[in-house]
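Data block below; observations after.
The values are calculated or read from the model by the stated rules, or taken from the named source; none is laboratory data. Every value quoted in this text rests on a predicted model; they were computed, and no experiment measured them. Cβ coordinates were reconstructed from backbone atoms using ideal geometry, including for glycine residues, and neighbour counts include every protein chain displayed.
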Amino acid sequence: MNCFLQTFVVGSSFVMANLTDIRYMAHKYVHKTITPDAADKAKKSGLKLIGQSSFEEEYSKMKKKLDIDNWENIRGPRDYEKPSEQFLKQVESLKEKNKNDNSTVYCTSAYFPKYQSIQ
């Protein structure tokens, strides 16, 4: 019994080493960068490639989309409360913004199913 346990412990370390090696090799394969030629072939075949961008670039894009300097924090109603007029005005203004602009709106009646009749 003791020999079996020793063999199991030693053998399992070799098995686990091989399994983790496969895991890390798969991770490298999935996250590898492609050559420009391969990117051109992928674009021609209809694949959409995600570009590399830095945090600063993403922040500047979000800053252009959203007005982060002028905002007002308005608490949404609880389930048992009636919505305040201020909240309903905010929902309406966001719906108007969404109609005029195809950008992302983070507060719509989809998040507040009780107020879908406002549409």
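Tabulated values for the structure
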{"item": "Residues (within 20 Å of Lys97 (Cβ to Cβ) and small (Gly, Ala, Ser)) located in the range 58-86", "result": "Gly76, Ser84"}
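The rows are residues; the columns are (1) loosely packed, with under 10 Cβ neighbours inside 10 Å; (2) at pLDDT 80 or above; (3) in contact with a Ser or Thr (Cβ under 6 Å, 6 or more places away or on another chain); (4) assigned to a helix (DSSP H, G or I).
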site: Leu5; (1), (2), (3), (4): yes, yes, no, yes
site: Gly11; (1), (2), (3), (4): no, yes, no, yes
site: Ile34; (1), (2), (3), (4): no, no, no, no
site: Gly46; (1), (2), (3), (4): yes, yes, no, no
site: Lys61; (1), (2), (3), (4): no, yes, no, yes
site: Asn70; (1), (2), (3), (4): yes, no, no, no
